[in-house]
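Here the structure is laid out as structure tokens; the discussion comes afterwards.
The values are calculated or read from the model by the stated rules, or taken from the named source; none is laboratory data. Here the structure is a predicted model, which is why all the values come from computation and not from measurement. Heads up, the Cβs are rebuilt from the backbone with ideal geometry, glycines too, and the neighbour counts pull from every protein chain shown. The accessibility values were calculated without ligands, DNA or RNA, using every heavy atom of the protein model including side chains. Shrake-Rupley method; radii C 1.70, N 1.55, O 1.52, S 1.80 Å.
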Amino acid sequence: MPTIIPLTKELKSSKRKKPITGIIMHSTAGASALSSIAWLRKATVLASYHYIIERDGTIFKCVATSRSAWHAGRSVGWMGKLCNGYTIGIAFANWNDGQEQVTKAQEESAAWLIKELQKAISTITYISTHRLVSPGRKNDPRGWSFTSFCRNHVRGLVMWGAFQKVGWDG
């Protein structure tokens, strides 16, 4: 079981109005989980994740799953626009430069966390990435094979992608 560190003061979030039906994977594009958390705490930054997984596999719990973290922004998923309202955001601490790979420890922690979330929240049925729910706008997580991860570690979730031909018209 990985180490889980809950933040004493959660990151920005809003009241959840829809049931949680999926997970969206991200990269922070930062030097570390702690540096990303410090950046996300800035008043001018309107973003957050439910969880950030450090390179050594340590999981930082940043926002309660009962609330909506601000991780996907302008996005379209299996329940329509604005995925934040019906998803959980998990980010890898990673530069997202296409050079740095997600570590084995991060993948193992992500697999463990996803299984725990599936046990706790029976309505979770989908998994996707920021790139797939915000095509043309976001490219994370780079340096990671979503398909390979799902094939090797994820059971009982539908992989969702932009190929579903759901567009943004707003």
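Answer yes or no: is there a residue in the stretch 86-105 that is over 15 Å from L157 (Cβ atoms), open to solvent by 10 Å² or more (accessible area, probe 1.4 Å) and touching a Phe, Trp or Tyr at 6+ places or on another chain (Cβ under 6 Å).
Yes, the stretch 86-105 contains at least one residue that is over 15 Å from L157 (Cβ atoms), open to solvent by 10 Å² or more (accessible area, probe 1.4 Å) and touching a Phe, Trp or Tyr at 6+ places or on another chain (Cβ under 6 Å).
With (1) more than 13 Å from I24 (Cβ to Cβ); (2) out of contact with any helix residue (DSSP H, G or I) (no Cβ under 7 Å at 6 or more places or on another chain); (3) in contact (Cβ under 8 Å) with a residue 12 or more places away in the chain; (4) not aliphatic (A, V, I, L, M) as the list, and D56 as the residue in question, which single condition is left unmet?
The one condition D56 does not meet is (2).
Go through (1) in contact with a Gly (Cβ under 8 Å, 6 or more places away or on another chain); (2) open to solvent by less than 80 Å² (accessible area, probe 1.4 Å) one by one and return the number of the condition T28 breaks.
Going through (1) in contact with a Gly (Cβ under 8 Å, 6 or more places away or on another chain); (2) open to solvent by less than 80 Å² (accessible area, probe 1.4 Å) one by one, T28 breaks only (1).
Name the pairs whose Cβ atoms lie under 9 Å apart, with the first residue in the stretch 138-155 and open to solvent by 40 Å² or more (accessible area, probe 1.4 Å), the second among the charged types (D, E, K, R) and part of a loop (DSSP other than H, G, I, E, B), and 6 or more positions between them or separate chains?
If the second residue must be among the charged types (D, E, K, R) and part of a loop (DSSP other than H, G, I, E, B), the pairs left are R142/D97; R142/E100.
Out of all the residues in the stretch 72-85, which are crowded, with 18+ Cβ neighbours inside 10 Å and either within 14 Å of M25 (Cα to Cα) or among the aliphatic types (A, V, I, L, M) (or both)?
A72, S75, V76, G77, L82, C83, N84 - these are the residues of the stretch 72-85 that are crowded, with 18+ Cβ neighbours inside 10 Å and either within 14 Å of M25 (Cα to Cα) or among the aliphatic types (A, V, I, L, M) (or both).
Restricting attention to the stretch 46-66, which residues are open to solvent by less than 10 Å² (accessible area, probe 1.4 Å) and over 22 Å from L132 (Cα atoms)?
So the first thing to find is which residues in the stretch 46-66 are open to solvent by less than 10 Å² (accessible area, probe 1.4 Å), and the list is 48, 50, 52-53, 57, 59, 62-63.
Passing the criteria: G57, I59, C62, V63.
Tell me which of these A69 doesn't satisfy, since it passes every other one: (1) closer than 16 Å to I114 by Cα; (2) open to solvent by less than 20 Å² (accessible area, probe 1.4 Å).
(1)
Identify the single condition in (1) assigned to a loop (DSSP other than H, G, I, E, B); (2) in contact with a Gly (Cβ under 7 Å, 6 or more places away or on another chain); (3) at pLDDT 95 or above that I127 does not satisfy, given that it satisfies every other one.
I127 satisfies all of (1) assigned to a loop (DSSP other than H, G, I, E, B); (2) in contact with a Gly (Cβ under 7 Å, 6 or more places away or on another chain); (3) at pLDDT 95 or above except (1).
Look through the stretch 13-25, keep the residues that are in contact with a strand residue (DSSP E or B) (Cβ under 7 Å, 6 or more places away or on another chain) and part of a loop (DSSP other than H, G, I, E, B), and return whichever of them is surrounded by the fewest Cβ atoms within 10 Å (Cβ to Cβ).
Taking the candidates together, the pick is R16.
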